[in-house]
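Engineer: Mind having a look at this structure? Questions to follow.
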Amino acid sequence: MTTPTRLAERVVLVGVGLKSEARSIESSLSELRRLAETAGAVVAGETRQALGRYHPGTLIGEGKIAEVAETARALRAATVIFDAELSPAQQKSLEKLTGAKIIDRTRLILDIFAKRARTAEGRLQVELAQLSYLLPRLTGAWRAFSQQVGGIGTRGPGERKIEYERRHIQNRITHLKEELEKIKGRRLVQRQRRLGVPVPMVAIIGYTNVGKSTLLNALLGSADPRHVYADDKLFATLDATTRRIRLPDGSRIVATDTVGFIQRLPTTLVAAFRSTLEEAALADCLLIVSDATAQDSAAQDRAVDEVLDDLGAGEVARVRVFNKADLLSQEERRGLALAYPGRPLISAETGSGLKAALEAVVEKLSAKWLLRELELPHAASRLSAAIYASAQVIGTAHHGTKVRYRLRVTAENWERLRSIGAREHLLH
């Protein structure tokens, strides 16, 4: 006997924005459509409105509300999703006027994150974001129970109910923050250990579903058993994953695949995932991946840059690449090359262009991680140990009683090694 499948929820999408930003309404609505489909909904219809100003009580005007209500009824859609962040009062008013369940962009993204979180840290972060979103909306949800009509003796069970719910959520938020602080402490220890390892750190950054995880797997190689989960879905992976990668010059990097960004990433999620996203601020170089097939790549670049600036990663060296080049025609490739000169076109799926991208990373890293050579006697064990402890040895060559080291090393560690060598009369 087969288990009956749950029918997908039918939804109507509402794109909304100011007339001054009318061009972005369509691209944002297109993204909302993909988000809704990722959440498992069937998009039955959509509408849009450019406003001179937002209506404080309902976001959109009365005429548009009536149109949305009629569209939802005609299409048998019980849910309406707004491409905006609604206040609790706006959500309540819209539900009353349309007779439909109203969801905003933030709630939709939180729902997707809840489905995608795999690790304990990811689940805690998502729950914290959900509760932070829910807490100010309790008044709207329980308004009917909390009406006061007089003074002493008129307090009913409604107020106790809403206060109980609020205290319960606040206590849970406090607990979640404490648990995440413990995880953050462990992550800090892991980061300190990584910082002590003489290997450059590169964070793979980009919009959601641009192929970051596929790129990391391509850099690892098809035979490597350390592949990470990758799928053609928005927010397929939420958890930072770190792997060691070999570069064309023989050196290695520590590459971290991070959570994807979107336009107007909810502030609750940025706050909840800050410890994970901070990998970008600690990196020596950011490998920023864009979708070569996207119609609004410039808007996606801006969304990524805004989050990076907010995280304090604005000054970190960057290499930008276009992925999914295998899906472009020759004419489209030429167009991108003219519009974005010097930005490598790659395909994580086929492997084309990866060498050029890695060479660009090497060039950026060279400003901090210097390529140097040292020739020492075999007997110089102290300096040899210091080299392996503070530099990345790319290769060695033996010549009689001497060994030549080829290495990548920071300027500070290079001066320290030279100082040790000079003291032991090994370097002049």
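The values are calculated or read from the model by the stated rules, or taken from the named source; none is laboratory data. Computed from a predicted structure; not experimentally measured. Cβ sites come from the backbone with ideal geometry, for glycine too, and all protein chains shown count toward neighbours. The area values use the complete protein model at the heavy-atom level, side chains included, leaving out ligands, DNA and RNA. Shrake-Rupley method; radii C 1.70, N 1.55, O 1.52, S 1.80 Å.
Engineer: Could you please tell me which pairs satisfy a Cβ distance under 8 Å, a separation of 6+ or placement on different chains, a first residue in the stretch 348-372 that is without any contact (Cβ under 8 Å) to a residue 24 or more places away in the chain, and a second residue that is hydrophobic (A, V, I, L, M, F, W, C)?
Structural biologist: A356/I346
Engineer: Hey, any hits in the stretch 72-82 for a residue that's basic (K, R), within 23 Å of the chain's Cα centre (by Cα) and under 17 Å from E9 (Cα atoms)?
Structural biologist: Among the residues of the stretch 72-82, not one is basic (K, R), within 23 Å of the chain's Cα centre (by Cα) and under 17 Å from E9 (Cα atoms), which makes the answer no.
Engineer: Give me the pairs, please: first residue somewhere in the stretch 393-411 and without any contact (Cβ under 8 Å) to a residue 24 or more places away in the chain, second residue anywhere and open to solvent by 40 Å² or more (accessible area, probe 1.4 Å) and of a type in the set (D, E, K, R), beta-carbon distance under 7 Å, and either six or more positions apart or on two chains.
Structural biologist: Close Cβ pairs (under 7 Å, with a partner that is open to solvent by 40 Å² or more (accessible area, probe 1.4 Å) and of a type in the set (D, E, K, R)) amount to T396/R404; A397/R404.
Engineer: For the subset of the stretch 319-347 comprising residues that are free of Cβ contacts under 8 Å to residues at least 60 places away in the same chain and either assigned to a loop (DSSP other than H, G, I, E, B) or on the phi > 0 side of the Ramachandran plot (or both), which member is farthest from the chain's Cα centre (by Cα)?
Structural biologist: The residue in question is S329.
Engineer: If you check L287 against the conditions, is it under 20 Å from K212 (Cα atoms), touching a residue at least 12 places away in the same chain (Cβ under 8 Å) and outside any strand (DSSP E or B)?
Structural biologist: Spelling it out, it is not the case that L287 is under 20 Å from K212 (Cα atoms), touching a residue at least 12 places away in the same chain (Cβ under 8 Å) and outside any strand (DSSP E or B).
Engineer: Somewhere in the stretch 242-252, is a residue in contact with a helix residue (DSSP H, G or I) (Cβ under 7 Å, 6 or more places away or on another chain), open to solvent by 50 Å² or more (accessible area, probe 1.4 Å) and modelled with pLDDT of 65 or more?
Structural biologist: yes
Engineer: Restricting attention to helices (runs of 4 or more DSSP H) lying wholly within the stretch 1-106, give those where 3 or more residues are open to solvent by less than 50 Å² (accessible area, probe 1.4 Å) and not hydrophobic (A, V, I, L, M, F, W, C).
Structural biologist: Per the criteria, 22-38, 88-98.
Engineer: Within the stretch 290-301, how many residues are among the charged types (D, E, K, R), touching a residue at least 24 places away in the same chain (Cβ under 8 Å) and within 12 Å of G206 (Cα to Cα)?
Structural biologist: Number of matching residues: 1.
Engineer: Could you check the stretch 321-365 and list, in sequence order, the residues that are over 16 Å from I204 (Cα atoms) and buried (at least 21 other Cβ atoms within 10 Å of the Cβ)?
Structural biologist: A325
Engineer: Consider A218 carefully, then state whether it is out of contact with any Lys or Arg (no Cβ under 6 Å at 6 or more places or on another chain), at pLDDT 70 or above, assigned to a strand (DSSP E or B) and closer than 25 Å to S297 by Cβ.
Structural biologist: no
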